[in-house]
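Each value in this text was obtained by applying a stated rule to the coordinates, not by laboratory testing. Keep in mind that this is a model prediction, so the values were computed, not measured. All Cβ positions, glycine included, derive from the backbone under ideal geometry; neighbour counts span all protein chains shown.
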Amino acid sequence: MKLIPKLRFPEFESGGEWSNKSLKNVAKITMGSSPKSASYNEDKDGLPLLQGNADIKNRLSAPRIYTSEITKECDLGDILLSVRAPVGTIAKSLHHACIGRGISAIRAKNNNSQEFVYQWLFSFESAWKNISQGGTFDAVNSDDIRNLKVPIPDPQEQQKIASCLSSLDELIVAHKDKLDALKDHKKGLLQNLFPQEGETVPKLRFEEFEGDEEWVEDTLDNLATFLKGKGISKSDIVGNGKAPCIRYGELYTQYNETIREVVSYTNLDPNDLVLSDANDVIIPASGETQIDIATASCVLKAGIALGGDLNIIKTNINGVFLAYYLNSAKKKDIARVAQGISVVHLYSSQLKTLTVNIPSKKEQKKIASCLSAMDELITAETEKIEQLQQHKKGLMQGLFPKIER
């Protein structure tokens, strides 16, 4: 099999085969060595200490641990590779730092492109599991890394591929920054569009409601009726089922404050199930923690089967408004009434005691529309990022030739 990629830029189509080189001939490799824990500090005495996969993923931008005992070092821009479970995570170092035993630092040499090496290692990330070994946890040793075979074209083609993929990375980062900004904006809206503890009106009101009266205080017991869903087990879910349904665990993993379309279906007889009315608000009856159980969603369609362990709130309040309200300003109140340690339970009798402040129908609708529109922007941005990431994955599969191992 010739070492030629499926996808090649026009100016390199007649360039012939790539070379198959060991990583040690392409780059300088530094294996980390952990300093003594007595040297660790948070006072920025010495160098930032990067120790493993968690540091590569979470703490490159703002290291928290420093060490005054310098063992092995990486430079700004070095490729950092996690060599202990999980193996293969990579990132570019943002610091001159000390690296522990869980990390290897890689820097291209012999006129090879640092960005090309980084992008190829990124494409190889999932394949490390076939190389790693170990009993208690997987790891790769220095020989595994140094002898890793890397397909290498001439420097000009390396640079072309590196520029293509890095520009796509920059686009993905820009969209992630936009997504973070949208999420921060939504968080701010949730804090200001609903009355907080001890308040009867929100800090922020739309212009047309600024002169309106205070929101009306009441309990959910007086404003709603409560039902319980009926059991739909995991084994009852079928891909081509006739009845759309929602199981309580999906509120944690699949849905936000509004449910327009469902992800699960069943062939159970609808006459034996509890079906939704449009505008129903559902909230889990059990969960892992008290703070997380305040996970409310409004079902926008009638006829959806609602599974067991779901509290169903039926009310004339705008359901989307109520779901956002419960998930934000009332989250701590719900956590306080929920019971349990290893498994937390939330009963309708507890939800009935919640005190809420409710505005006019028009203001409810305005707030619900505003937050729903924000969530639509967040969803669209999330999907755009996923599309770009899939596009990059496809490009890498075409731009790098496959090496048989």
Check: For the residue pair residue 269 and residue 125, what label-to-label distance in nm results when each label sits 7 Å from Cα along the Cα-to-beta-carbon direction?
Finding: 5.0
Next item on the list: Work out the charge dipole of the chain with +1 on the Cβ of Lys and Arg and -1 on the Cβ of Asp and Glu about the Cα centre, then indicate which of 77, 403, 159 is farthest towards its positive end.
Entry: 403
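Could you grab the relative contact order for region 87-183? Cα pairs under 8 Å, six or more apart, rounded to a whole percent. Numbers along the way, then the final one.
On the way: 44 pairs, mean separation 33.2, N = 97.
Value for region 87-183: 34 percent.
Please give the charge dipole size of the chain, origin at the Cα centre, charges +1 on K and R Cβ atoms and -1 on D and E Cβ atoms. Round to the nearest 20 debye. Before the final figure, lay out the partial values.
Working: 50 positive and 53 negative charges, 302 e Å.
Rounded to the nearest 20 debye, it is 1460 debye.
For a quick check: sort 183, 203 by the number of other beta carbons within 10 angstrom, fewest at the front. Intermediate values should be presented prior to the final figure.
Numbers: 183 14, 203 11.
Ordered from fewest to most neighbouring Cβ atoms within 10 Å, 183, 203 come out as 203, 183.
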Checklist line | Per residue, the convex hull volume that the Cα atoms of region 216-358 enclose (Å³) | finding: 96
Checklist line | For region 359-405, convex hull volume per residue from C-alpha positions, Å³ | finding: 59
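Using the membrane-span-like helix rule (whole DSSP H runs, Cα extent along the own axis of at least 20 Å, mean Kyte-Doolittle hydropathy at least -1.0), which helices of the chain qualify?
Working: long enough: 155-193 (56 Å, -0.54); 361-399 (56 Å, -0.73).
Correct list, ordered by number: 155-193, 361-399.
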Note to self: Given the DSSP H assignment, sum -39500 (n - 2.57) over each helix run of at least 4 residues in the chain and divide by its residue total; what's the result at 222 nm in deg cm²/dmol, nearest 500?
What the structure shows: -10000 deg cm²/dmol
Next item on the list: Rounding to the nearest 20 debye, state how big the charge dipole of region 216-358 is about its Cα centre with +1 on each Lys and Arg Cβ and -1 on each Asp and Glu Cβ.
Entry: 80
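Could you order peptides 313-322, 236-245 by the average number of other Cβ atoms within 10 Å of their residues, highest first?
Details: 313-322: 21.3, 236-245: 15.0.
Those peptides, ordered most packed to least, come out 313-322, 236-245.
Among DSSP beta bridges whose residues both lie in region 19-152, state the antiparallel percentage, nearest 5. Don't skip to the end; give the middle numbers.
Details: 25 of 27 bridges.
Roughly 95 percent of the beta bridges in region 19-152 run antiparallel, per DSSP.
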Next item on the list: Hey, can you grab everything whose amide H is under 5 Å from the amide H of residue 264? Only 5+ residues off in sequence or another chain; H modelled, so Pro and N-termini drop out.
Entry: 245
Item checked: Vicinal HN-Hα couplings computed from phi for region 329-344 (Karplus, 6.51 cos²θ - 1.76 cosθ + 1.60; Hz; Gly/Pro x) -> 5, 9, 4, 5, 5, 5, 4, 5, 8, 5, 10, x, 10, 5, 10, 9
Note to self: Run the simple label-point estimate for residue 218 and residue 75 please: 7 Å along Cα→C-beta, distance reported in nm.
What the structure shows: 7.0
Note to self: Below 8 Å, C-alpha to C-alpha, sequence gap of six or more: please give me the relative contact order for region 19-152 in percent.
What the structure shows: 33
Item checked: Amide H partners (placed H, <5 Å) of residue 310, local residues excluded -> 229, 285
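If contacts are Cα pairs under 8 angstrom and at least 6 residues apart, what is the relative contact order of the chain in percent?
Details: 755 pairs, mean separation 65.7, N = 405.
So the answer I get is 16 percent.
Just the C-alpha atoms of region 147-298: what Rg/Rh do they give, with Rh taken as the Kirkwood radius? Show your work: numbers first, answer last.
Numbers: Rg = 24.3 Å, Rh = 21.0 Å.
Radius of gyration relative to Kirkwood radius: 1.16.
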Margin query: So if I take the alpha carbon set of region 14-131, get Rg, then get Rh from the Kirkwood formula, what is the Rg over Rh ratio?
Written below: 1.02
Check: Can you list the HN-Hα couplings for region 104-110, worked out from phi with the Karplus curve (6.51, -1.76, 1.60; θ = phi - 60°), rounded to whole Hz and with x for Gly and Pro?
Finding: 10, 9, 10, 9, 4, 9, 6
Item checked: Spin-label proximity, residue 171 to region 376-405 - amide N less than 13 Å from point 7 Å beyond Cα toward beta carbon -> 384-396
